Each structure stands twice: as C-alpha cells, then as structure tokens.
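The values are calculated or read from the model by the stated rules, or taken from the named source; none is laboratory data. Keep in mind the model is a prediction, meaning the values are calculated, not measured. When we count neighbours, we look across all protein chains shown, and the Cβ atoms used for this are built from the backbone with ideal geometry, even at glycine. These area figures cover heavy atoms from the full protein model, side chains too; ligands, DNA and RNA do not enter into them. Shrake-Rupley method; radii C 1.70, N 1.55, O 1.52, S 1.80 Å.
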Amino acid sequence: MAFASSTWLTRTSTLEGMPIKTTAPFVPLILGGDIGAYSLAREFHEEYGVHSVAIPSVMTGLLAHSRIVEARVFAEQDNEAAFLDFVEAQARELSLEGTRPVLLLASNDPHTRMIVAARGRLGRWAVIPYADLDQLLAVTSKDGFDELCALEGVPTPATAVVRAGDDVAAAVSAAGVEYPAIVKAADSVAWHDIEFAGQKKVHTVASAEELTRLLASAAAAGYTDALVVQDFIPGPDSGMHLVTLFADNAGKVRFAAAGRVLVEEHAPGALGNSAAIISGAYPEIVATAKRVLEGLDWRGFAMFDLKFDPRDGSYRFFELNPRLGRNHFYVSAAGNNVARFYVEEFLRGGLLQEAEFIAASNQHLYSVLPAPLLRRYVPAELKDTVNRLLRRGGHSHPLVYRAETDPRRWWYIGLSLVNQYRKFKRWHPAP
C-alpha cells in the first residue's frame, strides 16, 4: 500500500474518547477490547508515542478512561457485513483518505480471519500485517496443523476428529486417545458464534457418552464442524509453554521469544488463558517452532501453544495462532516491543536489526495476578525465581502503565486484582 506525502492538518476525530490528531505519523487500528488489544495500544504508545483506536463490541474497563487509546464501540460484530463496513469507514477516516498509514490489527481469531479475507477491500486504507487467507486456514485447522507437524517431525498429542453422528467410541479408540480427554472446536471462529448451556472454550470429557452429549449440544446450537479430541497431557499448568515468532515480508523468521506458563485461568470462559508467564531462553522450543513456521512462507507474528510431556520428555505442540496471543505482552515486557516489528517491517520497509535471527533470552515475569495470589499457586520449584523477580522489579502487569493517569482507571485495575481472588477461589484447583 502506498501513501501519498502530505502536510497533516490539526484535526481530531468527532467520536468520543482520546482524540486522534492528524499530525500522528501512523495510527494502529485494533479490533477487540480484551487485554491483548489494550496491550497492543500500550506497546505502540511506549515505543512511538502514538495513540491507537480500538473497536470493541462493548466499552470495557480495560479501555475506558484510557489516555492512550480511543474506543469506538461497535456492538453488532456478529453481523460481519455491517462490522466490515464500520471497520472500513474507520480505516478510511484515520488514513486521511489514504495519505497516512493505518496498521489494522486483530486481537482474536474471528477478527483476524475477517480482515485477512477482506484484504483487497481494507487494503486500500490500511496495512494488514498477516499471512494470506489460504495459509491461515490451512494451518489453523486441526487437520492442517497435525499434518504440518508430522512433516516436520514435531510431536503433537494423539488426536481424533469427530462429528455429530460418528461412532465416537470407535474413532477415539482408533486414534489412541484415552479418557479423560481434552475437547476443542476444530473451527474456533464458528464455536465463538454459538452458545449452549455448559459451553466452554476447552472441555474435558471422561467418557464416550459425555463426548457424544457434547457433540449433540453443539450441533443443536448450530455448530456444524468437527470437534477435536486430544490426549490429556499430564502435569500442572506450569507444564505449558508458548513461543511467539515474527516473519518478515520475505517469509524469513527473524525473531522468537518463548515463555513458561506459571499459572492458568480455570474459569469456563477463560480456561487455558495464561495468568502468569516467565520468559527466558528455551532453545529447543524455539528451534522447533522456527522450523515449522519457516516452512509456511509466513508473514507477521504467530504463536504456538505446547506442553511438556513428562511421560517421554517431549514438548507436544497443540496449535498455531495466526496472530499475537492474548497474553503476548510477556514478549514486550522482557525487552522486545512487538510494535517495533510491525512498524519497522511493514511501514518502514525493513527491520533495523543486523542479525538474521534473534532468540530472546531475557527472564521476566508477566502476571495479571496480585503477588500474594501468584505466590500461592506457583509451583514449589519456581517460587525462588518468582520471588527474586518480584523483589528486583523484573515483573510487569500489562494494564499497569504510568501513562494512564485517570483515577477511575486505577480504581478499575484495583478491583480487577481483587476479583482474581474470587475467581481463583471458585474455579482454580487447590495449590
């Protein structure tokens, strides 16, 4: 996308929120209102001093009263045609009719898929720093991901793919999956669009009968795709790891940062989200993830979820996310601001670093929990490390940002920290 040079006038948006001046060199336009969306806005502000525009479906405490991001609420995001019209209108306005760069970013899978599918239309007004739709669809489906990992010799959990009406018991047995088993939607976007009693992001089933009932409930709610049934990898939350990578416009992987999860959330709607992560050097994980991504001719960021399997000492890869994850701030907090990769590669024509590839190794603690609660749930073998990072300032909360000065926002953050005690008492297994 080419942008004509211009002398920017001083004009502000007519919508409510932090005004976006036309003197800004570029504008991040972020779809979503979760902690990942706010983290992106913070990262752009920290690195470049620019304000972002976010488009949530409702005004959230994460965005309300912010000094760094303007929230433009669009409630009917399930109406994709209307939502796409709204996004295009915002991108067109913010780009000053194509004379200023707009980076269009997504904080969840449905939004990522939507803007990539509409690249031809939205690309008139915004830069879309994601892989092509065919690549995205091929590797974010469970079948495609397993096939890719098999080609690269990367271990994954034993997996069965089942649909309503299948002989569930036979399919699961033939795949070598034992109960209890983990169950996820093959199409996370379609799963997001339905609702039924007891629905979770990730289910654990104890029998073929329970799995059959889950399939029936999902089908009755309008879900027509498959469910993925996976071997349950034993071990605590701290067996989970993640690795975030960045590929340049030539498809070369230029950066990777890995982390070990300390504590996960267990509330139904947030099951599996990381509540605390320690970044550091994980060369085996990084090398494997880099090899997989390099075979895809990827563009932009991607993130892998994986878990250490104590039964054989392997790291088993679960999935590839075609974007920055919800808790990606662990990368920036450790000293590698993700905003810089977007701007230097997609707006300024190339990364400034001389090295062909950088594997981050800084150890830093990312956490959305109050310190006493974190200490309660951290595994014994990691307590000394966590305490050292807490004492020496080697820790970060993505919402705690000194540029935010509105006391109403700090009140919200305080309440959210207190609320973590309630959530963990209700949902989290005893430490």
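Of all residues in the range 43-98, those that are hydroxyl-bearing (Ser, Thr, Tyr) and surrounded by 21 or more Cβ atoms within 10 Å (Cβ to Cβ) total 3.
Would you check if there is a residue in the range 371-389 being under 20 Å from the mean Cα position of the chain (by Cα), of a type outside the set (Gly, Ala, Ser) and at pLDDT 95 or above? Please lay out each step first, then the result.
Initially, the range 371-389 is screened for residues under 20 Å from the mean Cα position of the chain (by Cα), giving none.
Among the residues of the range 371-389, not one is under 20 Å from the mean Cα position of the chain (by Cα), of a type outside the set (Gly, Ala, Ser) and at pLDDT 95 or above, which makes the answer no.
If the requirement is being farther than 19 Å from GLY32 by Cβ and either open to solvent by 20 Å² or more (accessible area, probe 1.4 Å) or without any contact (Cβ under 8 Å) to a residue 24 or more places away in the chain (or both), which of these qualifies: PRO157, PRO101?
Values: PRO157 fails: either open to solvent by 20 Å² or more (accessible area, probe 1.4 Å) or without any contact (Cβ under 8 Å) to a residue 24 or more places away in the chain (or both).
Matching residue, one of PRO157, PRO101: PRO101.
Against the list (1) within 23 Å of ALA333 (Cβ to Cβ); (2) in contact with a Pro (Cβ under 6 Å, 6 or more places away or on another chain), the condition VAL263 fails is (2).
Among residues of the range 199-210 that are touching a residue at least 40 places away in the same chain (Cβ under 8 Å) and under 9 Å from LEU271 (Cα atoms), those with a beta-carbon under 8 Å from a residue that is outside any strand (DSSP E or B) and among the small types (Gly, Ala, Ser) at least six positions away or on a different chain give the pairs LYS200/GLY269; LYS201/GLY269; LYS201/ALA270; LYS201/GLY272; VAL202/GLY272. SER173 satisfies every condition listed in (1) open to solvent by 30 Å² or more (accessible area, probe 1.4 Å); (2) touching a His at 6+ places or on another chain (Cβ under 8 Å) except (2). Can you spot a residue in the range 402-412 that is touching a helix residue (DSSP H, G or I) at 6+ places or on another chain (Cβ under 7 Å) and either farther than 30 Å from ASP187 by Cβ or assigned to a loop (DSSP other than H, G, I, E, B) (or both)? Looking for residues that are touching a helix residue (DSSP H, G or I) at 6+ places or on another chain (Cβ under 7 Å) and either farther than 30 Å from ASP187 by Cβ or assigned to a loop (DSSP other than H, G, I, E, B) (or both), one finds at least one in the range 402-412, hence yes.
In the range 111-127, of all residues being in contact with a strand residue (DSSP E or B) (Cβ under 9 Å, 6 or more places away or on another chain) and either part of a helix (DSSP H, G or I) or modelled with pLDDT under 95 (or both), the one that is most open to solvent (accessible area, probe 1.4 Å) corresponds to ARG113. Given the structure, is GLY235 surrounded by fewer than 16 Cβ atoms within 10 Å (Cβ to Cβ) and in contact with a strand residue (DSSP E or B) (Cβ under 7 Å, 6 or more places away or on another chain)? For GLY235, the condition - surrounded by fewer than 16 Cβ atoms within 10 Å (Cβ to Cβ) and in contact with a strand residue (DSSP E or B) (Cβ under 7 Å, 6 or more places away or on another chain) - is met.
Does the range 361-368 include one or more residues that are out of contact with any Asp or Glu (no Cβ under 7 Å at 6 or more places or on another chain) and either over 18 Å from TYR330 (Cβ atoms) or acidic (Asp, Glu) (or both)? For the range 361-368, residues out of contact with any Asp or Glu (no Cβ under 7 Å at 6 or more places or on another chain) and either over 18 Å from TYR330 (Cβ atoms) or acidic (Asp, Glu) (or both): absent. Going by what's in this entry, would LYS252 be described as surrounded by fewer than 17 Cβ atoms within 10 Å (Cβ to Cβ), under 22 Å from the mean Cα position of the chain (by Cα) and either touching a residue at least 60 places away in the same chain (Cβ under 8 Å) or within 20 Å of ALA275 (Cα to Cα) (or both)? When the stated conditions are applied, LYS252 passes them.
Given the residues GLU93, GLU43, which is the only one that is closer than 21 Å to MET114 by Cβ, modelled with pLDDT of 95 or more and not in a loop (DSSP other than H, G, I, E, B)?
Working: GLU43 fails: closer than 21 Å to MET114 by Cβ.
The unique qualifying residue is GLU93.
The set of residues in the range 255-269 being of a type outside the set (Gly, Ala, Ser) and either closer than 14 Å to PRO322 by Cα or within 15 Å of the chain's Cα centre (by Cα) (or both) consists of VAL261, GLU264, GLU265.
Candidates are the residues of the range 216-230 that are touching a residue at least 24 places away in the same chain (Cβ under 8 Å) and open to solvent by 10 Å² or more (accessible area, probe 1.4 Å); the one that is nearest to ALA169 (Cα to Cα) is ALA216. Of the residues screened, VAL53 is one that is modelled with pLDDT of 95 or more, part of a strand (DSSP E or B) and closer than 30 Å to ALA190 by Cβ. On the basis of being buried (at least 20 other Cβ atoms within 10 Å of the Cβ), out of contact with any Lys or Arg (no Cβ under 9 Å at 6 or more places or on another chain) and not hydroxyl-bearing (Ser, Thr, Tyr), does LEU40 make the cut? Judged against the criteria, LEU40 is a match.
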